[in-house]
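**Q** I'd like to ask you about the structure that follows.
The values are calculated or read from the model by the stated rules, or taken from the named source; none is laboratory data. Remember, it's a predicted structure, so these values are computed and weren't measured experimentally. Because the Cβ atoms are built from the backbone with ideal geometry, glycine has one as well, and the counts that use them run over all protein chains shown. The accessibility values were calculated without ligands, DNA or RNA, using every heavy atom of the protein model including side chains. Shrake-Rupley method; radii C 1.70, N 1.55, O 1.52, S 1.80 Å.
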Amino acid sequence: MQSISPETIFRGNDAWEKALQQIVNFTKSPLILGRSVYTNDIKNKIFRDLKNQNLSVNLANLQFDCCYEDISKVKNIILNNNHDAVIAAGGGKVLDSGKYIAEILNIPCITVPLSASTCAGWTALSNIYTKKGQFIKDVALRSCPKVLVFDHKFIQTAPSRTLASGIADALAKWYESSITSSTIDDGLVQQAIQISRVLRDQLLIDGGKAFKDQVKNNSSWRNTIEACGLTAGLVGGIGGEKCRTAAAHAIHNAITQIITPNKFLHGEIVGVGLLLQLRLEEIKNNNKLADQSIKQLLVLMKQLDLPTTISELGINVFENKNLEKIADFTCRDKSEIHFLPFEISKRDIIEVISNFEQQKIKI
Ligand SMILES: [Zn+2]
C-alpha cells in the first residue's frame, strides 16, 4: 500500500480560507496542535475562524518535541474532549506529532505548515524523538494527511532560517534517492528520482534569491517554498520507501544524539550530513563528481547562512567521544547508511568527519 499525497491540497495566499469551507464538512470538534509561541497569532486566527463556524475547538501545544511523552498527553486531551480531528499547525515536529496522533486514534489530520522548513505537511511519515530532541525512529503511517493547507500568507511570517533549512532538506532528496535507488527497476521510483533532480535544479537557481529577497511572495520565493513543502513530499509519496534516505539523514540522526544548548533545525543538520555523504561517495565509491557537488552546494549554503560543519552545529567532535558516538549511531544496524550501495564502517565515518572538521573549507 502506498499513500502518494494528501487527499486535498490547498495552496496560495488564501489557502486557509478556502480550506475552512471543506474542513467544516468532516469535523465538528477539532483540536489545534502547535508548539511555538511565535505562531500564536496564526493559531489564534485558526481558532477564531473555526469557532465562527460553530465548531467546538480547543488548542494544545507540544511541550518538547515529537516525543512519546507529548504524544500521549495530546492523545488524552483528544480522548477526554471527544475531538474528532487534529489540525497540526507548525513546523515539522508539530506536523509529525499531529499525523501520528491522528493515525493512532483513527481520526483525520489536517496539516497547516507554518514554515517551509520540511515536507512533513505532505508525507505519511512521522519521526519520533526523545524529549531532548534525540532521534529514535521514523514511523511509516497508513496515509498522508486528509487535508494539507499550504497557506503562503502563513508561511511568509516564518523566520528565513526555516526556509534555508527546508532548502537543505529538499536538496537531500536528489542526493540520497539517486544513490540508493537509481538501479531499482520500478518506473515510479525512477520518475520520483527525476522529479527530485528537477527540484534540486530549481532550488539551486531560486533558493538564494528566495532567501535574500525580503519582499517575499515573488516567484522565486513561491517556487522555493512549494519545492520544499510540496514537491519534496511528492517525491517521497511517489518513490515510497524504495526512494530512500541515505547517509545525509543517517548522519543527521546520529548528530541529534549529542545534546547541545542550542537546538538546530532538521534541515540545518541534514545539510551538513549531505556534505559528508558526498565526501563518503568520493572516497568509498570513487565518485569523481562528488567534490564538484560539494563546492556547488557550499556556495548556496553560504548564501543561505547554513552551517557547513558539525562544529557550526555547536558540537566539537573531538571532545567527549562525540566522534565515536556519531559514528556508532550512524552505523547501527537499522541505520539508513546501509542503503548506500557500498560498505561503510565506523572507521570510514570517523575518518571522513575528522578530515572534514579539520580542513579549512574553501569555496
Ligand atoms: Zn529530512
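**Q** Name the single residue, out of those in the stretch 115-149 being of a type outside the set (A, V, I, L, M, F, W, C) and touching a Pro at 6+ places or on another chain (Cβ under 6 Å), that is nearest to the ligand (Cβ to nearest atom).
**A** Step by step, filter the stretch 115-149, then rank; the result is Gly121.
**Q** One residue is enough: does the stretch 52-59 have a residue meeting the conditions closer than 24 Å to Gly229 by Cα and in a loop (DSSP other than H, G, I, E, B)?
**A** No - not one qualifying residue is present in the stretch 52-59.
**Q** Right, next: Quick one: count up the residues across the stretch 1-18 that are closer than 12 Å to Val147 by Cβ, open to solvent by less than 70 Å² (accessible area, probe 1.4 Å) and of a type outside the set (S, T, N, Q).
**A** Number of matching residues: 5.
**Q** What number of residues within the stretch 195-242 are under 27 Å from Glu343 (Cα atoms) and away from the ligand (no atom under 13 Å from the Cβ)?
**A** Selection size over the stretch 195-242: 6.
**Q** Test each condition in (1) within 14 Å of the ligand (Cβ to nearest atom); (2) of a type outside the set (D, E, K, R); (3) in a strand (DSSP E or B) for Ala89 and report the one that comes out false.
**A** The single condition Ala89 does not satisfy is (1).
**Q** Still on this model: Hey, could you check the stretch 240-265 for residues that are crowded, with 24+ Cβ neighbours inside 10 Å and in contact with a Leu (Cβ under 7 Å, 6 or more places away or on another chain) and say which is nearest to Ser5 (Cα to Cα)?
**A** Ala246
**Q** Which ranges mark the strands (runs of 3 or more DSSP E) fully within the stretch 93-205 that have 3 or more residues being surrounded by fewer than 24 Cβ atoms within 10 Å (Cβ to Cβ)?
**A** 125-129, 135-140
**Q** OK, next. Output the residues belonging to the stretch 266-310 that are open to solvent by 70 Å² or more (accessible area, probe 1.4 Å) and either under 18 Å from Gly208 (Cα atoms) or within 16 Å of the ligand (Cβ to nearest atom) (or both).
**A** Lys295, Gln296, Lys302, Gln303, Asp305 - these are the residues of the stretch 266-310 that are open to solvent by 70 Å² or more (accessible area, probe 1.4 Å) and either under 18 Å from Gly208 (Cα atoms) or within 16 Å of the ligand (Cβ to nearest atom) (or both).
**Q** Which numbered condition in (1) within 13 Å of the ligand (Cβ to nearest atom); (2) more than 14 Å from the chain's Cα centre (by Cα); (3) within 18 Å of Val198 (Cα to Cα) is the only one that Ile251 fails?
**A** Just one mismatch for Ile251, condition (3).
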